[in-house]
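Chemist: Before we start, here is the structure in question, set down as C-alpha cells.
None of the figures in this text is laboratory data; all of them are computed from the coordinates on show. What you are looking at is a predicted structure, and each value in this text was computed from that prediction instead of being measured. Please note: Cβ atoms are built from the backbone with ideal geometry, for glycine as well, and neighbour counts cover all protein chains shown.
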Amino acid sequence: MRTILRPRFTLILLVLLLGAAGCAKRQTPVANAPAPPPPNNTVATPPQVQAPQRVAELPVPPQPALSEDSVGSKTLDELNRNSPFKPVFFSVDSADLDDLGRQVATANAEVIRKNPSWVITIEGHCDERGTAEYNLALGDRRAIAVKTFLVSLGIPPDRIRTISYGKEFPFDPGKSDDAFSKNRRGHFVITSN
C-alpha cells in the first residue's frame, strides 16, 4: 500500500508546488530604479540632470515695406484686393495686344514706375473653350506678350514674372460671349515689394 500512496502523494505535492509557483506574486521592475553600484566598490555619482533647453523661436520676417507715396501701409492682399492695375484683355485665340490692350498696359507701366520696389506677376488666363493644354499654352503666350510690351516701355524684366492659369480661374463663370471675353486676359498681381 505504501507504493500506491507514494506516486499519488508525489503527484499531489507536485501539483500544489506548481500551483503555488504560478500564483506567486511577480515583482515588476520599477521604472527609473537606481542602477546597482559598480563592481569595483567605487561610489557612483548621480547623473547630472540638465534643465530643458528652450527651443529658439524662428524669426518671423517682417512684412516688406511698401511705397509710402501711393499705398501707405497696406499689405499685399489689400493692394491686390483694390488693385491699381487693370487687366489687359485679348481676342479669341489670340495673344496679340490690340490698341486698347497697349493703352491699358502703358497705364499699368506708369503704376509700376511709381512703385520701384514692386515685383509684378502677370497671369495669363483664357475662357473655358479649348483643351486644358491648349489654354495653358495660350495663357502663357498672353502673359509673355504683356511682359514683352512692358519691357519695351522700360520696365526691368526682373520686376515682371509670368504664369499661366489657362481656364482655371475665370473672372466670370458664365457661358456667354460676354463672360468669355472677360476671362481672356492678362491679370496683374503685386507679388512682392
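Chemist: When you go through Phe85, Phe90 one by one, which is the residue that is closer than 17 Å to Ser192 by Cα, in contact with a helix residue (DSSP H, G or I) (Cβ under 8 Å, 6 or more places away or on another chain) and of a type outside the set (D, E, K, R)?
Modeler: Exactly one of Phe85, Phe90 is closer than 17 Å to Ser192 by Cα, in contact with a helix residue (DSSP H, G or I) (Cβ under 8 Å, 6 or more places away or on another chain) and of a type outside the set (D, E, K, R), namely Phe85.
Chemist: Residues that are at positive phi, touching a residue at least 24 places away in the same chain (Cβ under 8 Å) and exposed (fewer than 14 other Cβ atoms within 10 Å of the Cβ): list the strands (runs of 3 or more DSSP E) wholly contained in region 84-193 that include at least 3 such residues.
Modeler: Those strands (runs of 3 or more DSSP E) do not exist here; none qualify.
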